1. Which residues' amide hydrogens lie under 5 Å from the amide hydrogen of Ala191, considering only partners 5 or more residues apart or on another chain, with H built in the peptide plane?
2. Within the chain, what percent of beta bridges assigned by DSSP are antiparallel, to the nearest 5?
3. Against the globular-protein guess of 2.2 N^0.38 Å, express the Cα radius of gyration of segment 31-171 as a ratio, rounded to two decimals.
4. Short version: ³J(HN,Hα) in whole Hz for each residue of segment 24-36, in order, from phi by Karplus 6.51 cos²θ - 1.76 cosθ + 1.60 (θ = phi - 60°), x for Gly and Pro, what are they?
5. Points 7 angstrom from Cα along the Cβ direction at Ser449 and Ala213: gap in nanometres?
6. Give me Rg/Rg_expected for segment 92-211, where Rg uses Cα atoms only and Rg_expected = 2.2 N^0.38 Å with N residues.
7. Please work out, to two decimal places, the log10 of the ratio I(q)/I(0) at q = 0.06 Å⁻¹ from a Debye calculation in which every Cα of the chain carries one identical scatterer.
8. Grab the DSSP H runs of the chain that are 4 residues or longer, score each as -39,500 (n - 2.57), total them, divide by all residues and round the 222 nm result to the nearest 500 deg cm²/dmol.
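No lab work stands behind these numbers, since they all come straight from the coordinates. These figures come from a predicted structure and were not determined experimentally. As a convention, Cβ positions derive from the backbone with ideal geometry for all residues, glycine included, and neighbour counts pool all protein chains shown.
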Amino acid sequence: MTTTLDTLIDVPQQRLLRTAVPGPRSRELHGRRASAVADGFGVVLPVFVERAAGAVIVDVDGNQLIDLASGIAVTSVGASHPRVAEAVAAQARAATHTCFMVTEYDGFVEVCEALTRLAPGSHAKKAALFTTGAEAVENAVKIARSATGRQAVVTLGHAYHGRTLLTMAMTAKNTPYKDGFGPFAPEVYRAPSPYAYRWPTGPENAATEAFEALTELVTKQLGAHNVAAIVVEPVQGEGGFIPMPAGYLASVAAFAKEHGILFVADEIQSGMGRTGAMFAVEHDGVVPDLMTVAKALAGGMPLSAVVGRAEIMDAVAPGGLGGTYAGNPVACAAALAAIGVIEDEDLVGRARHIESVARPRLESLRGPSSPVGDVRGRGAMLAMEIVRPGTREPEPLTTKAIAQACHAEGVLVLTCGTFDNVIRLLPPLVISDRLLTDALDVVERAVRSVA
């Protein structure tokens, strides 16, 4: 499949190591940050980036790293995609900012039109633009509460929804996201996640038993008439790339509809083609009442959105939604270009192809003496759960060692999971088969080296 990567001749799409990773210049710059940057910002790989294009990151030491992180699923169309970069430059020359709540511009409207066209369902839809994923989640809750007149919000175990006060309460994992930051926003409740690999009675029971636990929580403990929304990631991200098992989302959506509760799909990490559908809920034929979108929406520029049923979106009075930078015109221009690339280059299909190449390689690493306990995900959102061989005991140190071995060979991977024991792969959807194969060779060597 031909992609725009083939035209990025100024940054050859290949892995190249000129120094150790990180190199001397990166180590020098990393040393400088201690006196200026708050310690609360962690770092996965302390290399400083000089430029990035397609699926390759070039650091200040001249190393070319294969990017299997995509800025945490942001640069799905590739870093610095020419169409995105040109759209950003043109809009920046025209106007860098005017608050949409003060004076209007067509880019904001065009992004909302694109999202209402792409979102699942044939009903009338509207959208609202914001800046960050957490901001989209907070506004989805505001809209749901306004539309239903109810307060309670139900989320799942292993969920991640953001770092703001409300989204911290909605997020399951304590460290590093919540520890020491309380008290948290009230009226947030948690049902068990249908985490098939770790479900106590076996993966075949995860969907049914988790759904039963959710319905009991809502009907017996909270009172369904008090619940505004059930918020679910179709593929849980930071929690460990946990896909919702077949039938679970449809059951939850039907239950929510029966009780006048809004079903909210958090598609911030899984949306915009990442899983082999434009939005991950489409794999299960589910149409959410509201959906949050961010990350890959604008090809690297900060932009997020809530899109949903028109009558629900309009429940908030004028002035109740907004933000100074919400739907910034430069970010909107980037989003329109990124959406064009996703559609014109069939990056949804490309995500499915990436899975067809990568998943068998990852599955081949499993075995009785292997630390790879589970391989899961959808499309180009794939993960390996690392455990003590022969058990399901999480091995975070082994996970870290595998990631570090990949980094040393010039392949950027991320870790995640409630137990810090998941290697996640989020390659740009434009990555070539040749580059993907090279990266997978490195991942395979890293796993075998610590087995």
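1. Amide H to amide H, under 5 Å and 5 or more residues apart or across chains, Ala191 pairs with Thr155, Leu156, Gly157.
2. Working: 35 of 52 bridges.
Here the antiparallel bridges make up roughly 65 percent for the chain.
3. Numbers: Rg = 19.4 Å, N = 141, 2.2 N^0.38 = 14.4 Å.
Normalised by 2.2 N^0.38 Å, the Cα Rg of segment 31-171 equals 1.34.
4. x, 5, 4, 5, 5, 5, 5, x, 5, 5, 4, 8, 10
5. In this crude label model, Ser449 to Ala213 measures out at 3.8 nm.
6. On the way: Rg = 18.6 Å, N = 120, 2.2 N^0.38 = 13.6 Å.
For segment 92-211, the normalised Cα radius of gyration is 1.37.
7. -0.25
8. Working: 13 runs with 152 residues, N = 451.
Value at 222 nm, helices only, nearest 500: -10500 deg cm²/dmol.
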